[in-house]
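One structure is given below, encoded as structure tokens.
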Amino acid sequence: MALPTDEDRIEAIKKWWSENGTAVILGLMLGIGSLVGWRMWTGHVENQSIQASEIYLSMQGLARMNSEAAVEQGQTLMDDFRRTPYATLAALDLARMAAEADDLERAEEHLRWVIDRTRYEDQKHLAHARLARVLIAGGRYQDALDTLKGDIPEGFLAIMEELRGDAYRGLGETSEARAAYDRAILASAGVADYLRMKRDDLSEADATGAQ
């Protein structure tokens, strides 16, 4: 059997290229296009994150001087940068500002926005706790208890149980409130004096009511 010559090899390469060259070129183009597209996307995400961080830092500064301007920047983050973590941080800040201004409805709106959209569990639990506090402030005790349902991580257990106690107390269910305060005391890692005061106030209220 004769060994292939250089001419044979060249002819074989030409034949293979004529049959497969188009597919190779298309594959290279798709690969390059995908790489360029990915780099453009990651660059866009990075730029969005940088812009959002700058706006959020500005918002924090404005919140100490001009709440209206801070609200505008916070809303910009929620509307235009909602895929960044700064949007939910801004919503939490806006909720706090609204609550401090006694605008409980707006505070609730912002907190529910965080709960519905955040990808971070700690933010979600924090928003639930703050929402429960807002609902209790508005006298919506059962709604607060509904907000506090579900599994609670250890780091949030004390505050969640305290809020349950506050909600039960608002409903006049003192035994349930006392039990919730006791659970909060156990979970508070020694910082429980004010919780004991809340629980003891229930005992004094029971004694006064019994007279």
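The values are calculated or read from the model by the stated rules, or taken from the named source; none is laboratory data. Since we're looking at a predicted model, the values are computed, not measured. Note that we place each Cβ from the backbone using ideal geometry, even for glycine, and neighbour counts take in every protein chain shown. Please note that ligands, DNA and RNA were not included when accessible areas were found on the heavy atoms of the full protein model with its side chains. Shrake-Rupley method; radii C 1.70, N 1.55, O 1.52, S 1.80 Å.
Rounded to a whole number, what % of the accessible area of the range 75-159 do carbon and sulfur atoms account for, probe 1.4 Å?
45
Note down the nm distance, to one decimal, between modelled labels 7 Å out along Cα→Cβ at A189 and at E109.
3.7
Where in the range 71-151 are there trypsin sites (Lys or Arg not before Pro) that are in a DSSP coil and have at most 11 other Cβ atoms within 10 angstrom of their Cβ?
R119, K149
Compute the accessible area per residue over the range 148-201, keeping the other protein chains in place, probe 1.4 Å, unit Å².
I get 55 Å² per residue for this part.
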